[in-house]
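One structure is given here, and the rest of the page talks about it.
The values are calculated or read from the model by the stated rules, or taken from the named source; none is laboratory data. Note that the structure is predicted; figures quoted are calculated from it, not measured. Ideal geometry is used to build each Cβ from the backbone, glycine not excepted, and the neighbour counts take in all protein chains shown.
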Amino acid sequence: MRNSEVVEAFLKRRIAVNNGSSLSSTGTKLFSYATCIAEWSNGSLIINLTKYSVTSSKHLYYLKRSYQGNYHTVLGVPIGESSLSKYQTKLWELK
């Protein structure tokens, strides 16, 4: 499964894994390596804009390119974090 297919699965709230990459979807969360970079919470999409690596930035690019709706953003999320909900008070903007 390609990265773009993993992102599409996430947007449809489905489980997906790219075995050749480090991008995966649990259906409600999108992970780059072991860090949550996007999450569906209460019907809204939260996107983690914290910079980690070139690869994680590419994963976010695929997501932003594929998703045309509004979303909330968070910053300052540590590497390895498995949820974004508790960071939404740091930066809660509608994009």
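Is there a residue being more than 22 Å from Asn70 (Cα to Cα) and either without any contact (Cβ under 8 Å) to a residue 12 or more places away in the chain or in a loop (DSSP other than H, G, I, E, B) (or both) anywhere in segment 22-32? Among the residues of segment 22-32, at least one is more than 22 Å from Asn70 (Cα to Cα) and either without any contact (Cβ under 8 Å) to a residue 12 or more places away in the chain or in a loop (DSSP other than H, G, I, E, B) (or both), which makes the answer yes.
Of everything in segment 24-39, what is within 19 Å of Val74 (Cα to Cα) and crowded, with 16+ Cβ neighbours inside 10 Å? Give them in sequence order.
Of the residues in segment 24-39, the ones within 19 Å of Val74 (Cα to Cα) are 25, 28-39.
Residues satisfying the conditions are Ser25, Lys29, Leu30, Phe31, Ser32, Tyr33, Thr35, Cys36, Ile37, Ala38, Glu39.
Remark: pairs (first residue in segment 50-78, more than 12 Å from Cys36 (Cβ to Cβ); second residue basic (Lys, Arg) and assigned to a helix (DSSP H, G or I); Cβ separation under 8 Å; 6+ apart in sequence or on different chains) are absent. Taking the conditions (1) at pLDDT below 95; (2) farther than 18 Å from Asn18 by Cβ; (3) not small (Gly, Ala, Ser) in turn, Glu81 satisfies each one other than (1). Looking only at residues in segment 1-21 that are part of a loop (DSSP other than H, G, I, E, B) and among the polar types (S, T, N, Q), the one that is surrounded by the fewest Cβ atoms within 10 Å (Cβ to Cβ) is Asn19. Of all residues in segment 2-14, those that are at positive phi have Cβ atoms under 7 Å from Cβ atoms of residues that are of a type in the set (Gly, Ala, Ser), 6 or more apart or on another chain, in Arg13/Gly27.
Scanning segment 40-84 for residues that are of a type in the set (Val, Ile, Thr) and crowded, with 17+ Cβ neighbours inside 10 Å turns up Ile46, Ile47, Thr50, Thr73, Val74, Val77.
Give segment 28-44 a look and list any residue that's at pLDDT 95 or above and under 17 Å from Arg14 (Cβ atoms), or say none.
Kept after step one, since they are at pLDDT 95 or above, are these residues of segment 28-44: 28-32, 35-40.
Those that are at pLDDT 95 or above and under 17 Å from Arg14 (Cβ atoms): Thr28, Lys29, Leu30, Phe31, Cys36, Ile37, Ala38, Glu39, Trp40.
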